[in-house]
Amino acid sequence: MSEPPLKIPEPIALQAVLDQHHHHLQLLQQMMVIVQQTSGEQVYQAIAQQIGTALAASRCLIWSNQAQKLKLQAVYQVENCQLPCDVCPKQIQACIEDRLSHSANAFVISVEGEITDFQPGQNYEDKAFFCWVVPTYSRQQLNGWLGLQMAQADWEALPSQWIQDITVQLGIAIAQNRLADCEHRLKLSIIERTQAEKAWQESQRFIQNITDASTNILYLYELEGKYLTYANQQLEKVLGYRLSEIQSHPTQIVHLQDLERLNSQRQQSYALQDGEVIEGEYRFRHSRGYWRWLLIRETVYSRLPDGTPCQLMGTATDITALKQTSSDLEKANETLKRIAATDELTQLANRRYLIHYLALQWQKLLESQQPLTLILCDVDYFKRYNDTYGHQCGDECLRQVGLALSTSVRRSSDLVARYGGEEFVLVLPQTSLEAAGQVAKRVRHNIRQQAIEHRQSEVSPYLTVSLGIASAIPDDLQTTEKLIARADQALYAAKCQGRDRICIANPDGNGYSSIFP
């Protein structure tokens, strides 16, 4: 058999195929240019316009798909288009979403609204189609849909290969645009993170500058582990230690006498409410060996999930100079008190302190109902002594008498005071008249032992004293003034009886008894 003659296409038909193929390539190239030169949402609109124009579609729709969620990205529609039925993009999207659960194949919608899966090679010439919906892929992953609406005549003339190539290119465009979007968001994220890190670093520098500028030691203390997690530079300036040197054992530099109180303060911090502050003053050893006083103020910084405090924030203020000043002031006050209470000449208690001490002892003995006894002592013929030997010798004589009186008492509660001029008072709490008489005898003996010359005395060539004794058990009817008056009367009686003797006021207040040398 002879072979059939080779059928050569008519030149006009062949030219139409070539033109169509060229048109097809131009469309794909334009889509590639759009992807390369356009970004964001504009990519989809530009591609929809290119596809719609190239295919003479009445309407071109593009959806992107991600995580089973559709988003209508672009709609291109010719002016005054006459679509065969009134189906909006939302209805088409509803059809796509309904089919996603069981099929991702291309499908067609007829003018009557019938939905049919598209089968390559199948004859659809007997139906009037309204919309052709085709899925787009990138790396075998469904990433979008293309919808085309056009007149019946245009539909029949549309090559299916075009649609396949266009959807492949569209899938690539969607993927590239999504990648570009991811890159853009990544860049923004990097910029935001860089800015956040910069802001954080600036914040840290600001906080560090504040803490370094502080004159206080700022620190964080772990309650459970009993160690420091942070301390500013003031630690080294105040105590001479770097954090690493004392971090694990900060309490080793606390004075032993203060350590128990500091531990007690830390224990009390478990009961602190947020915002409450607990404080105390403690001594810390400097790296050079001397001690510094620090005012420690602490509050709860962080808690465990159950609310238990786990970290304290504290400040340590150097109050060494303040403590020294306070100590100096205390010493100065003590000195002033002592000066105010001391007779300048004899260094015995003065009259002001005598009155104060008598009131204290009176109140104390009022409760215990014990006797309070006074001895008034007067130097015999002291005016003659001053006139004979001069005032400087007279002052020295009074100092010697004061020393003799001080050595005559033996208890810390006994007080020797200068009452005025050449008169002295011995205050003897919880002392009977008999015991007071023994003290008075020691006074006379100690003065004799001094052998102070007194040529103008009428009772002895040496200095002598006269003494009056009175005693009382304090009650609401008596006063210290009355007790002093009775002792003074006993002293007067001793002088009237010839001086250089002891006279005791009787307890009943009537008369006196004398103790002679």
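The values are calculated or read from the model by the stated rules, or taken from the named source; none is laboratory data. Just so we're clear, the structure is a prediction, and the values are computed from it rather than from any experiment. Cβ: placed from backbone, ideal geometry, glycine included. Neighbour counts: every protein chain shown. Each accessible area value is taken on the protein alone, full model and side chains, heavy atoms only, with ligands, DNA and RNA left out. Shrake-Rupley method; radii C 1.70, N 1.55, O 1.52, S 1.80 Å.
Just a few scattered comments:
- Here residue 242 meets the list (1) under 30 Å from residue 307 (Cβ atoms); (2) of a type outside the set (Asp, Glu); (3) open to solvent by 100 Å² or more (accessible area, probe 1.4 Å); (4) at pLDDT 90 or above almost entirely, failing just condition (1).
- The residues of the range 487-514 that are open to solvent by 40 Å² or more (accessible area, probe 1.4 Å) and touching a residue at least 60 places away in the same chain (Cβ under 8 Å), listed by number, are 488, 495, 499, 507.
- Cβ pairs under 6 Å, 6+ apart, first in the range 167-184 and open to solvent by 60 Å² or more (accessible area, probe 1.4 Å) and part of a helix (DSSP H, G or I), second β-branched (Val, Ile, Thr) and modelled with pLDDT under 70: 176/35
- Qualifying residue in the range 276-292 (condition: acidic (Asp, Glu), more than 15 Å from residue 224 (Cβ to Cβ), in contact with a Ser or Thr (Cβ under 8 Å, 6 or more places away or on another chain) and in contact (Cβ under 8 Å) with a residue 24 or more places away in the chain): yes
- Members of the range 202-224 found to be open to solvent by 90 Å² or more (accessible area, probe 1.4 Å) and either among the polar types (S, T, N, Q) or modelled with pLDDT of 80 or more (or both), listed by number: 209, 215, 224
- Counted residues, the range 47-69 - those being among the β-branched types (Val, Ile, Thr) and within 20 Å of residue 88 (Cβ to Cβ): 2
- Some residue of the range 309-328 being among the hydroxyl-bearing types (Ser, Thr, Tyr), within 30 Å of residue 376 (Cβ to Cβ), open to solvent by less than 80 Å² (accessible area, probe 1.4 Å) and modelled with pLDDT of 90 or more: no
Residue-wise test of (1) open to solvent by less than 30 Å² (accessible area, probe 1.4 Å); (2) in contact with a strand residue (DSSP E or B) (Cβ under 8 Å, 6 or more places away or on another chain); (3) in a loop (DSSP other than H, G, I, E, B).
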position	(1), (2), (3)
340	no, no, no
344	no, no, yes
347	no, no, yes
377	yes, yes, no
384	no, no, no
398	yes, yes, no
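- Entry remark, the range 360-375: residues being at positive phi and either in a helix (DSSP H, G or I) or open to solvent by less than 10 Å² (accessible area, probe 1.4 Å) (or both) number 0 in total.
- Of the residues in the range 171-193, not one is of a type in the set (A, V, I, L, M, F, W, C), at pLDDT 70 or above and in contact with a Pro (Cβ under 9 Å, 6 or more places away or on another chain).
- Failed criterion for residue 392 (all others in (1) more than 29 Å from residue 445 (Cα to Cα); (2) open to solvent by 60 Å² or more (accessible area, probe 1.4 Å) hold): (1)
- Residue check: residue 258 meets all listed conditions (1) at pLDDT below 90; (2) in contact with an Asp or Glu (Cβ under 9 Å, 6 or more places away or on another chain) but one, namely (1).
- Residues in the range 418-431 that are out of contact with any strand residue (DSSP E or B) (no Cβ under 7 Å at 6 or more places or on another chain) and not in a strand (DSSP E or B) were compared, and the one that is farthest from residue 385 (Cα to Cα) is 430.
- Residues of the range 400-420 satisfying the condition of being open to solvent by less than 60 Å² (accessible area, probe 1.4 Å) and out of contact with any Leu (no Cβ under 9 Å at 6 or more places or on another chain): 404, 420
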